[in-house]
Amino acid sequence: MADPSSYRPKPGQIPDSPGVYKFRDEHGRVIYVGKAKSLRQRLANYFQDLAGLHPRTRTMVTTAASVEWTVVSTEVEALQLEYSWIKEFDPRFNVKYRDDKSYPYLAVTLNEEFPRVQVMRGAKKKGVRYFGPYGHAWAIRETVDLMLRVFPVRTCSAGVFKRSAQIGRPCLLGYIGKCSAPCVGRISPEEHHELAEEFCDFMAGRTGAYIRRLERGMQEAAVEMEYERAARLRDDIGALKRAMEKSAVVLADATDADLIAVAEDELEAAVQIFHVRGGRVRGQRGWVTDKVEAVTTSGLVEHALQQLYGEERGDAVPKEVLVPALPEPVEPIAQWLSQRRGSQVSLRIPQRGDKKDLMATVGRNAQQALGLHKTKRASDLTTRSRALEEIAGALGLDAVPLRIECFDISHLQGDDVVASMVVFEDGLARKSEYRRFQIKSFQGQDDVRSMHEVIGRRFKRYLQEKQKSGEWTEEPADDARVDDNGTTAATVPAGTDDLEPDPMAGRPTDEDGRPKRFAYPPQLVVVDGGAPQVAAARRALDELGIDDVAVCGLAKRLEEVWLPEEDDPVVLPRSSEGLYLLQRVRDEAHRFAIAYQRSKRTKRLKSSPLDAVAGLGDTRRQALLKHFGSLKKLRAATVDEICEVPGVGRKTAETVAAALAGAAPSAPAVNTATGEIIEDDGVPPAALSAERGQER
């Protein structure tokens, strides 16, 4: 525990101007980011008598080892920089809202030649119009199904669209009138884009004028005795009204607003947001957070606004934002929202009428969400704690393994041999720590030797990180030196979805405060396999002098747990929570390894001798294959025949001919499932299916 006076800046050293400050711990990791109108006044609050600080603030300043700041011009700039740093450094003492699910959106890809209506999740893309979020994907599909009768916009994937264009026949939706069939030219790109814009206008809330126009058309058709057209318009109006009924009118027509409510207790807080567009609730979402810093309701609202609108621009920020408490001060956050929208945004507390009533409804949803989260979390924490205790007892560990790493080897009949490493911390998958390896020391199939190599490479990196940080005082052996290419490019984090606080928040970090790779050792290494794989892993650790990491293996056949130098396995009860956790860890490692192995194989199968031809891009490469029909025919062509392809000059043709002559054709491959010969210009889907049945 550090004494704040040991790193307190000298009097007069802190500027009396707006800025953003960072507290770092002894490892250099950023643990807290804050902003201030006056840095001098704000930072002085942290260095008063510890007894007068809030317990969470006291914990933060005693964990920190240094403080630094950056001066900015305005409070709005401070707000923007604070948000950027919280996203970048993920400080352990800042409030961070966690989505309890990945919410689906109704998306219209207006950036494509033929816009497509579809369900989308994850990060938003430029040029795509989004509506929602929705609670369930089926709610989007029901709405779209009703509206396609009136707005027959394309909904098919790129593959289906391309296939229909090639055969000259639309898909089923084109035949039943729920797609305008742009794939076969029934509608021009301009007309289809206009149709997609009308779909977006209706979804944005401009419904009344469109329905009135359809009603006038229906009446005119009836007067002119065009009863079939009138009946079709009548059915269209009915379909649109049924779609509108799925979202009840809650505010006056044309009202665009987001309502944010907060429910909190001493330890946690839940936030609920209702998105109202055109007077109707178009989406709902919710977050839950641990109150790891001393924060008021106003502070929670400010953090929620940063989380909600930090990546948004334009109409995604509504004209009106209703909150239960205003941030202090309110002017910078209101100005920041207005800048992101491009026009004035009203940030206020509803005082009366329909908006206040709706805010009460949002508040009740927040209370229910907080209660449900606490119930689930209590059950989940109990289950995970029992699982870790059972594992520790069964394996004879001194303490429960808070960090478990599992390794698996994957290959297809000895080709494309790869390995995976997955990490579970406190019983939860930590996907940002996942790693992938290519086996480099030998060719062929040898799971035991592969496991020895991967374990050795992973822990050599660990020793290297300890040596850099000065934690490793002894000189490492020669074989502990690590090549910078010890892991593949896949050491880039694979994403994260952990819903619990980081239990290893103090892990070693780089000089900029970001976590180091491979720097934190596990308490338990799990390998996918039996006694041979376990022995190989233990031998790799022994060679590096690491004796404080436990090793076990989980064999698939009988789900037996193998320990090093033990003749008999440990058999956990089938109903054991510890066994369930080990199975989840093992299955996740297997899934991650299989996914990597398949991606490598697909890339290899799709490779072509033409890829290595300098100056030959995708367009001319496709033109060559389209002209000759296959790589085999192109290899047999003369230079003059290659020159006949549009865009291919004689020099390029000579280069192509030389490259293909140097790449000798391999023996034809045979699909063992069907007996089909696989041509060198493509891989039949059946072949890939047969291969997947043989991969490990």
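The values are calculated or read from the model by the stated rules, or taken from the named source; none is laboratory data. Note that the coordinates shown come from a computational prediction; the quantities given were computed from them, not determined experimentally. Virtual Cβ from ideal backbone geometry, glycine too; neighbours counted across all protein chains shown. Heavy atoms of the whole protein, side chains included, go into the accessibility calculation; ligands, DNA and RNA do not. Shrake-Rupley method; radii C 1.70, N 1.55, O 1.52, S 1.80 Å.
One Cα centroid belongs to the range 161-238, the other to the range 291-337; the line between them spans 40 Å.
Listed values for the range 356-372 are Karplus-derived 3J(HN,Hα) couplings in whole Hz (6.51 cos²θ - 1.76 cosθ + 1.60, θ = phi - 60°), namely 5, 5, 5, 4, 5, 5, 4, x, 5, 4, 5, 4, 5, 5, 5, x, 5, and x replaces Gly and Pro. Distance between the 7 Å Cα→Cβ label points at LEU172 and ARG141: 1.2 nm.
Between GLU644 and SER346, what FRET efficiency comes out of the Förster formula 1/(1 + (r/R0)^6) with R0 = 60 Å and r the beta carbon distance, rounded to 0.05? Intermediate values should be presented prior to the final figure.
Values: r = 67 Å, r/R0 = 1.11.
Computed FRET efficiency for SER346 and GLU644: 0.35.
For THR109, what is the net charge nearby, where nearby means another residue's Cβ is under 13 Å from its Cβ and Lys, Arg count +1, Asp, Glu -1? Value of the local net charge: +3.
Compactness of the range 21-110 is given as radius of gyration and Dmax, 16.5, 58 Å, from Cα positions.
Counting protein heavy atoms only, the range 1-147 has 48 percent of its accessible area on carbon and sulfur, 1.4 angstrom probe.
Which loop GluC sites (Glu not before Pro) in the range 134-238, with loop taken from DSSP, have no more than 16 other Cβ atoms within 10 angstrom of their Cβ?
Numbers: sites: GLU142, GLU190, GLU191, GLU194, GLU197, GLU198, GLU215, GLU220, GLU224, GLU226, GLU228; in loops: GLU224, GLU226.
Filter output for the range 134-238: GLU224, GLU226.
A Förster distance of 35 Å, applied to the separation of the beta-carbon atoms of LYS376 and ARG213, puts the FRET efficiency at 0.15. Only protein heavy atoms count here; under a 1.4 Å probe, TYR462 has an accessible surface of about 20 Å².
Amide H to amide H distances under 5 Å link ILE31 with PHE23, ARG24, ASP25, where only residues 5 or more positions off or on other chains count and H is placed in the peptide plane. Judged by the mean number of other Cβ atoms found within 10 Å, the most tightly packed of the peptides 525-533, 390-398, 85-93 leads the ranking 525-533, 85-93, 390-398.
Modelled spin labels at ASP415 and THR383, positioned 7 Å past Cα toward Cβ, are 4.1 nm from each other. Within the full protein context, the accessible area of HIS27 is estimated at about 70 Å² for a probe radius of 1.4 Å. Take the Cα of GLU113, step 7 Å toward its Cβ, do the same at THR70, and the gap between the two points is 4.3 nm.
With a Förster radius of 56 Å applied to the C-beta separation of GLU559 and THR62, the computed FRET efficiency comes to 0.80.
Only loop residues by DSSP count here, and only those with at most 15 other Cβ atoms within 10 Å; note down the GluC sites (Glu not before Pro) in the range 301-336 that meet that. Those that pass, being in a loop and sparsely packed, are GLU311, GLU312.
Packing around the peptides 590-597, 401-408, 327-334, taken as the average count of other Cβ atoms within 10 Å per residue, puts them in this order, highest first: 401-408, 590-597, 327-334. Over the range 365-469, calculate the relative contact order: mean separation of alpha carbon pairs under 8 Å at least 6 apart, over the residue count, as a percent. Across the range 365-469, relative contact order equals 18 percent. Peptides 422-430, 641-649, 358-366, ordered by how many other C-beta atoms sit within 10 Å of their residues on average, highest first, read 422-430, 358-366, 641-649. Computed over protein heavy atoms with a 1.4 angstrom probe, the accessible surface ordering of LEU347, LEU240, largest first, is LEU347, LEU240.
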